[in-house]
Amino acid sequence: MKNQNFITEFVFMGLSQNPTMQKIVFIVFLMVYIATVVGNMLIVVTILCSPALLGSPMYFFLAVLSFVDVCYSSAITPKMVVDSIHERKTIKFEGCMIQLFAEHFFGGAEMIILTAMAFDNYVAICKPLHYSSIMTWRLCGILVRVAWTGGFLHSIIQILFTFHLPFCGPNVVDHFMCNLYPLLKLACTDTHILGLLVTVD
């Protein structure tokens, strides 16, 4: 299937068209982004530097979750913060696909890590005497690998669906980042079935 795109870039509507509001958005989101990165990296460093904490599966998963959260935030927020102070908010088609991939990759991995953490808590509460024999380092490693693999598979499916869509009409995305559903609205084909498939995935 050949990709028939006449669009080389997308234009974001952003969160606001008001210049004063754009400055407020810039400051607020920059502060939230810095707090997110610093806070999560502080969690990662604290756990990695403390053998007692790193020896616990709960803290191991928390360190992985914090790292994934930093990656997820860094895939979207810096572009959004910079765009909030520019009048014209554009992104190249390839850049949009990369952002879409990163968003779904890290988001999918984060969901699976949260599920692994829920399983860890379930075992700790419901089977406390068997906890150490169930939550081994081997199982923890497998769960983290499943998270990264699941995130990759989820995102590659989304990209394969989106990359082959023909974009030939308007290029204005009614959003502040590359998101799948606003992009589906811009495709020059019927995307109703595709929207259902994306929802199932």
Query raised in the report: How about the chain: what cysteines have no other cysteine beta carbon under 4.7 Å from their own?
Result: 49, 71, 126, 140
Report task. Report, in deg cm²/dmol and to the nearest 500, the calculated mean residue ellipticity at 222 nm for the chain, where each DSSP H run with n ≥ 4 adds -39500 (n - 2.57) and the sum is divided by the residue count. Result -> -24000 deg cm²/dmol
Query raised in the report: Mean Kyte-Doolittle of at least -0.5 and a Cα length of 30 Å or more along the axis: which whole DSSP H helices of the chain meet both?
Result: 19-48, 57-83, 93-126, 137-163
Query raised in the report: Which value, in Å², gives the accessible area per residue of the stretch 81-124 when a 1.4 Å probe is used on the protein heavy atoms?
Result: 48
Query raised in the report: Shape call for the stretch 127-191 from the C-alpha gyration tensor, a ≥ b ≥ c root eigenvalues: rounded (a/c under 1.5), prolate (a/b greater than b/c) or oblate?
Result: prolate
**Report entry** Normalised contact order of the chain, rounded percent, pairs of Cα under 8 Å and 6 or more residues apart
**Finding:** 33
Query - For the chain: lysine pairs under 25 Å (alpha-carbon distance), excluding those fewer than 8 apart on one chain - result: 10
Query raised in the report: Let a ≥ b ≥ c be the square roots of the eigenvalues of the Cα gyration tensor of the chain; is it rounded (a/c under 1.5), or, if not, prolate (a/b larger than b/c) or oblate?
Result: oblate
Requested in this report: Mind ranking 23, 89 by accessible surface for me, highest first, 1.4 Å probe?
Outcome: 23, 89
Query raised in the report: Ignoring ligands, DNA and RNA, what percent of the accessible area of the chain is carbon or sulfur (1.4 Å)?
Result: 71
Requested in this report: State the Cα centre-to-centre distance between the stretch 153-173 and the stretch 2-61 in whole Å.
Outcome: 23
Query raised in the report: Once a ≥ b ≥ c are taken as the square roots of the eigenvalues of the Cα gyration tensor of the stretch 1-92, is the result rounded (a/c under 1.5), prolate (a/b larger than b/c) or oblate (a/b not larger than b/c)?
Result: oblate
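The values are calculated or read from the model by the stated rules, or taken from the named source; none is laboratory data. Keep in mind that this is a model prediction, so the values were computed, not measured. Glycine also receives a Cβ, built like all others from the backbone with ideal geometry; neighbour counts cover every protein chain displayed. Areas reflect the complete protein model, heavy atoms only, side chains present, ligands, DNA and RNA absent. Shrake-Rupley method; radii C 1.70, N 1.55, O 1.52, S 1.80 Å.
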